[in-house]
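First comes the structure, then the notes that go with it.
The values are calculated or read from the model by the stated rules, or taken from the named source; none is laboratory data. Keep in mind that this is a model prediction, so the values were computed, not measured. Here the Cβ is made from the backbone with ideal geometry for all residues, glycine too, and neighbour counts use every protein chain on show. Each accessible area value is taken on the protein alone, full model and side chains, heavy atoms only, with ligands, DNA and RNA left out. Shrake-Rupley method; radii C 1.70, N 1.55, O 1.52, S 1.80 Å.
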Amino acid sequence: MARNPLLLLSYATIAALWAGAQLIEINYVVNLMVLVTAILYAGCHLSLILREDQARARGEKPPEEEKKGGGGDGSGDGDEGSESEEAAPKVETLGANEAMQFPLLGSASLFSLYLAFKYFDKDTVNLIIGAYFCFMGLFALTATFGPALQSVGPNFLGTEVNLFQNWKIPHPLPESIGGSSPWKLGITCSVADVFGFLGSAAFVVAYFQTKHWTMNNVLGICFCLQGIERFSIGTYKIGAILLAGLFFYDIFWVFGSVHVTPGGDSVMVEVAKNVEGPIKILFPRSLVPDAESGLLEMSLLGLGDIVIPGFFLALLLRFDAHIANVPYFPTNCHVPFPKPYFHSALVGYVIGLATTLYVMIVWNQAQPALLYLVPACLGSSLLCAAVRGELKALFDYSEEEEEDEGEEEKKKEEKAKKED
């Protein structure tokens, strides 16, 4: 099957800008705009794998698996059915209540970081933050570079490896807390994943020691790609709730917080400046270090300004695939199909980001990017749906798992019996 040239160009652009920014001076506005657009394009297309995972979670199977299940003796069918049921992936989907709570939880986390930097030793706080993000970055890097290594390397890298197979650990915890006992542990991965893990471990150790901006960007880019690829916001309505809440969250913590903090600080700006961790992507304004500090002058963009709209754009791309009747099996991120909603929202995002940078440069003041990105993404997608006469289809589209009403009632009855 033909490759998607824009997706390949996105990968090449990410690599070229990361490497090129270390060697030549690239205008930071151009660097930021192009790099973020490439990350969004790549991450959203990688998220098409969620369509297959969601289909498997609903009990659907690829045609070849159904054919295998139809043959053989009855016992074989049962074994295979139970194995496939156990292997059915669980897709992480945001609910409406979680979307409404998200800005509150984000506010608590942000303000806690602000207080930590204000009243505790900055180096100690950054040590803890750095250790946490290195641990999480280890898995983000492995998940990004393992499959990439397998796709370009020799065939043996795809060989399956079973680690800690059939380990069973009994536990005394209630099932509602610890799940069923014993815990069954086991890791199935490829040889490429093992090499990716070892290389990632060496990388995060080097980053933890140096905190170099180029290594920060590698981790930040991997966090963006993996977050957008693996997480679903469920429905357009939930996405709109999430974006609307974070619209006000961003405005308050950038502009409003200066009126409530003792020193008149912008909480968002203070945290962004003080955190030495891959919660932001850095763009050098010049490759000549400052004469006094010896550091490069940097502009930055928080990962939330990429990932949160990225969730929304990825949902729209999967909606495009849905209305184009793209098969769930097999998933191929290179498959061609019309993408009116994704393209319109991506253009809206680029316009919103350009507006953010323009206002920031003209006023010489940090801006809440979501102030401009949220109306751009919501407005462009709604306009596209209105023009195409598909507003109802857009609002009805759902990736949430539907629970059978009977099963839900049984769970409520069981819960009531336990309470009695």
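Quick notes on this structure:
- Of all residues making up the range 205-249, the number that are among the small types (G, A, S), surrounded by fewer than 21 Cβ atoms within 10 Å (Cβ to Cβ) and at positive phi: 0
- Taking the range 280-317 as the range and being assigned to a loop (DSSP other than H, G, I, E, B) and among the small types (G, A, S) as the test, the residues that pass are S286, A291, S293, G294.
- Annotation note: of A324, A291, the sole residue that is among the small types (G, A, S) and modelled with pLDDT of 90 or more is A324.
- Matching residues in the range 318-368 - criterion: being farther than 30 Å from Q54 by Cα, assigned to a helix (DSSP H, G or I) and open to solvent by 20 Å² or more (accessible area, probe 1.4 Å): I351, A354, T355, Y358, V359, M360, I361, V362, W363
- Residue within the range 291-298 that is crowded, with 19+ Cβ neighbours inside 10 Å and more than 20 Å from T144 (Cα to Cα) present: no
- The set of residues in the range 25-67 that are out of contact with any strand residue (DSSP E or B) (no Cβ under 8 Å at 6 or more places or on another chain), over 21 Å from L315 (Cα atoms) and either open to solvent by less than 10 Å² (accessible area, probe 1.4 Å) or among the aromatic types (F, W, Y) (or both) contains only P62.
- Given (1) hydrophobic (A, V, I, L, M, F, W, C); (2) at pLDDT 95 or above; (3) touching a helix residue (DSSP H, G or I) at 6+ places or on another chain (Cβ under 7 Å); (4) farther than 30 Å from A2 by Cα, index of the condition A314 fails: (4)
- Residue within the range 259-279 that is closer than 28 Å to H343 by Cα, surrounded by 17 or more Cβ atoms within 10 Å (Cβ to Cβ) and either at pLDDT below 90 or touching a strand residue (DSSP E or B) at 6+ places or on another chain (Cβ under 8 Å) (or both) present: yes
- Scan of the range 130-148 for residues that are aliphatic (A, V, I, L, M) and crowded, with 20+ Cβ neighbours inside 10 Å, ordered by number: A140, L141
- Residue check for L373: of a type outside the set (S, T, Y) and over 30 Å from V267 (Cβ atoms): no
Residues checked against (1) aliphatic (A, V, I, L, M); (2) within 23 Å of T356 (Cα to Cα):
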{"residue": "C189", "(1), (2)": "no, no"}
{"residue": "T214", "(1), (2)": "no, no"}
{"residue": "L243", "(1), (2)": "yes, yes"}
{"residue": "F252", "(1), (2)": "no, yes"}
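- The set of residues in the range 82-92 being open to solvent by 40 Å² or more (accessible area, probe 1.4 Å), modelled with pLDDT of 60 or more and either part of a helix (DSSP H, G or I) or not basic (K, R) (or both) consists of E92 alone.
- Among the residues of the range 186-200, those identified as of a type outside the set (V, I, T) and more than 21 Å from the chain's Cα centre (by Cα) are G186, C189, S190, A192, F195, L198, G199.
- The helices (runs of 4 or more DSSP H) located wholly in the range 175-251 that include 1 or more residues which are of a type in the set (S, T, N, Q) and touching an Asp or Glu at 6+ places or on another chain (Cβ under 9 Å) occupy 213-230.
- Applying the criterion of being over 12 Å from P147 (Cβ atoms) and not aliphatic (A, V, I, L, M) to the residues of the range 181-198, the residue that is most open to solvent (accessible area, probe 1.4 Å) is K184.
- Lone qualifier among L373, L383 - being on the phi < 0 side of the Ramachandran plot and within 21 Å of the chain's Cα centre (by Cα): L373
- Within the range 202-221, residues that are over 16 Å from I39 (Cα atoms) sit with their Cβ atoms under 9 Å from residues that are surrounded by fewer than 19 Cβ atoms within 10 Å (Cβ to Cβ) and among the charged types (D, E, K, R), at 6+ positions apart or across chains, in these pairs: K211/E276.
- Test for V347: is it of a type outside the set (D, E, K, R) and at pLDDT 95 or above: yes
- The range 93-125 - residue that is among the β-branched types (V, I, T) and buried (at least 17 other Cβ atoms within 10 Å of the Cβ) and, of those, modelled with the lowest pLDDT: T93
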